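Trainee: Quick one: structure below, then a few questions.
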Amino acid sequence: MAGDYLSFIKELPRSFSEIGAMLPSSRFLGRHMVRPIRQASHPLRILEVGPGTGPFTRQIIELLRPNDEFVICEVNPRFLERLKSSLRSLSGYERNSERIHFFQGPVQELPQEFLGGGFDVIVSSLPLANFSPADVEAIFSLFEGLLAEGGCITFFEYVGVRKIGIPFRSPSGSQRVRQVDQVVKKWCAQAQVSGSIRRNVSFLNLPPAISIELQLH
Ligand SMILES: C[S@@+](CC[C@H](N)C(=O)[O-])C[C@H]1O[C@@H](n2cnc3c(N)ncnc32)[C@H](O)[C@@H]1O
């Protein structure tokens, strides 16, 4: 655990815009992020994007059932190497290792071999507030295309991050963040109309975060 914090903090100077957080997420936020996996009553194909040091990955692995399949995609090679070795000690990993797959690279380049029949659950930690509005739009479109029928996406945002951050940003930075907000809201509105949306606030996370679960269709 302390090791997770240290390796996370060590990565910040060289990869801050990709990481977009100061600390790993808490297990309390994790419980909300993995809710669709806990609730499922049929075998799942699960994709986790941006596991970092693995606070959600460990919870997912302990929830895996005999016919589930789990693909882990992380752009940062040092996080992924560390994660692979830390997961080995989990009993859930031992039981399911043949159905757990790793991809080191951006989710935008996820190889065909992992796509299969689509994913039932996508758990994403991508730091959307650090991306351009066009990239965020492209990521949601990509996730929509990767989902199996009836599948859902969970992601999180820090509470108030856009409003609190605005005084410290350049005018163009503030405008970018507002545009990203519009893109996220548009996808949430779409889910509200043609699928479903569920939000949960985790105050026991630093900083507090809202997890959002979207079923788009
Ligand atoms: C906010 S951190 C979250 C880490 C961890 N899930 C947590 O909640 O503590 C975001 C993670 O996304 C990864 N990441 C950023 N862009 C990515 C991309 N295009 N594809 C896959 N992973 C990406 C970063 O390397 C980092 O590990």
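Trainee: In whole Hz, with x marking every Gly and Pro, tabulate ³J(HN,Hα) for segment 203-217 from phi via Karplus 6.51 cos²θ - 1.76 cosθ + 1.60, θ = phi - 60°.
Mentor: 6, 8, 8, 10, x, x, 9, 10, 9, 10, 10, 10, 10, 7, 10
Trainee: Test of understanding: ordering L126, L204 by Cβ neighbours within 10 Å, fewest first, what list do you get?
Mentor: Working: L126 20, L204 12.
Ordered from fewest to most neighbouring Cβ atoms within 10 Å, L126, L204 come out as L204, L126.
Trainee: Can you tell me the mean projection area, over all orientations, of the convex hull of the chain's alpha carbons? Units nm², please.
Mentor: Working: hull surface 45.9 nm².
The orientation-averaged projected area of the Cα hull of the chain comes to 11.5 nm².
Trainee: May I pose another question? In sequence order, what are the phi-derived ³J(HN,Hα) couplings for segment 95-108 according to the Karplus relation 6.51 cos²θ - 1.76 cosθ + 1.60 with θ = phi - 60°, rounded to whole Hz, with x for glycine and proline?
Mentor: Result, rounded to whole Hz: 5, 10, 4, 5, 10, 10, 10, 10, 10, 9, x, x, 4, 5.
Trainee: Between segment 171-217 and segment 110-150, how many Å separate their Cα centres?
Mentor: So the separation of the two Cα centres works out to 14 Å.
Trainee: Right, here's the next one. Picking from S172, S26, S86, which is most flexible by a Gaussian network model of the chain using Cα springs under 10 Å?
Mentor: S172
Trainee: Another one. Which of E137, E109 comes first, and how do the rest follow, when ranked by fewest Cβ neighbours within 10 Å?
Mentor: Numbers: E137 18, E109 9.
Starting with the residue having the fewest Cβ neighbours, the order is E109, E137.
Trainee: When the chain is modelled as a GNM with alpha-carbon springs shorter than 10 Å, which of P43, P207, P127 fluctuates the most?
Mentor: Highest fluctuation among the options: P43.
Trainee: About the Cα centre of the chain, what is the dipole size in debye to 20, counting +1 per Lys and Arg Cβ and -1 per Asp and Glu Cβ, all else neutral? Walk me through the intermediate numbers first.
Mentor: Details: 24 positive and 21 negative charges, 160 e Å.
My answer is approximately 760 debye.
Trainee: Moving on. For F119, list long-range residues whose amide hydrogen, built 1.01 Å from N in the peptide plane, is under 5 Å from its own amide hydrogen.
Mentor: L147, A148
Throughout, read-outs are computed from the coordinates displayed, never taken from laboratory work. As the structure is a computational prediction, the values presented were derived from the model and not from experiment. Every residue, glycine among them, receives a Cβ derived from its backbone with ideal geometry; neighbour counts consider all protein chains shown.
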